[in-house]
Ligand code: SF4
Ligand code: SF4
């Protein structure tokens with residue numbers, strides 16, 4: 001339960017996910033940010049204006065899924081590591097882009113262990129993309145290819161090791 005262990009329930013997640021129809025159309029961001037805190041770098045990172053923290057900085061972020069194109073610019077800007085981008089258009093697999101702040105940073109083509117929200121290993125998956133957050137931002141955005149049924153489960157990675 002979120003307020004005891006920091007792990008969102010299915011009910012919590014349902015509130016921040018796009019519709020099943022939207023998920024099939026293209027990549028989308030998810031803000032797994034569930035508390036009213038004074039924070040909004042996700043909004044300033046979104047040049048398209050898809051992600052808003054309104055009417056004041058204490059509100060939780062909301063995404064307009066008619067505008068969000070899954071560009072991932074917001075992922076490395078969230079200090080809470082709470083934003084993920086998922087692309088389910090491949091059908092049987094999904095690309096999950098997630099924030100990563102440990103060393104070593106994996107390379108494209110590496111196999112990494114995927115972890116669920118409780119930190120449990122759920123499989124070993126290939127790294128498809130590695131993007132730096134920039135010179136002054138040590139948050140990387142790692143894209144991993146997972147089976148489609150794990151797209152909403154894998155939310156972190158461990159470099160090396162078996163599942
Ligand atoms: S993925 Fe891109 S378009 Fe979507 S909310 Fe993030 S920055 Fe905005
Ligand atoms: S930057 Fe991250 S923690 Fe801050 S409001 Fe946005 S999603 Fe929540």
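Here are some notes:
- 2 or more residues under 14 Å from residue 78 (Cβ atoms): qualifying helices (runs of 4 or more DSSP H) within region 1-61: 41-45
- Number of the exception - residue 67 against (1) more than 9 Å from ligand 2 (Cβ to nearest atom); (2) surrounded by 15 or more Cβ atoms within 10 Å (Cβ to Cβ); (3) part of a loop (DSSP other than H, G, I, E, B): (2)
- In the set 46, 74, 68, 78, only one residue is within 14 Å of ligand 1 (Cβ to nearest atom) and farther than 19 Å from residue 13 by Cα; that residue is 46.
- Residue count for region 47-61 under the criterion of being more than 10 Å from ligand 2 (Cβ to nearest atom) and touching a residue at least 24 places away in the same chain (Cβ under 8 Å): the result is 1.
- Just one of the listed residues (64, 56, 5) is modelled with pLDDT under 95 and either over 17 Å from residue 97 (Cβ atoms) or in contact with a strand residue (DSSP E or B) (Cβ under 9 Å, 6 or more places away or on another chain) (or both), and it is 5.
- Qualifying residue in region 4-25 (condition: in contact with a helix residue (DSSP H, G or I) (Cβ under 7 Å, 6 or more places away or on another chain), closer than 27 Å to residue 91 by Cα and free of Cβ contacts under 8 Å to residues at least 12 places away in the same chain): yes
Matching residues to (1) touching a helix residue (DSSP H, G or I) at 6+ places or on another chain (Cβ under 7 Å); (2) surrounded by 14 or more Cβ atoms within 10 Å (Cβ to Cβ); (3) touching a residue at least 12 places away in the same chain (Cβ under 8 Å):
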residue: 80; (1), (2), (3): no, yes, yes
residue: 108; (1), (2), (3): no, no, yes
residue: 117; (1), (2), (3): no, yes, yes
residue: 120; (1), (2), (3): no, no, no
residue: 156; (1), (2), (3): no, yes, yes
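The values are calculated or read from the model by the stated rules, or taken from the named source; none is laboratory data. Small disclaimer: the values here were computed from a predicted structure and weren't measured. Methodologically, a virtual Cβ is constructed for each residue, glycine included, from the backbone with ideal geometry; neighbour enumeration extends over all protein chains shown.
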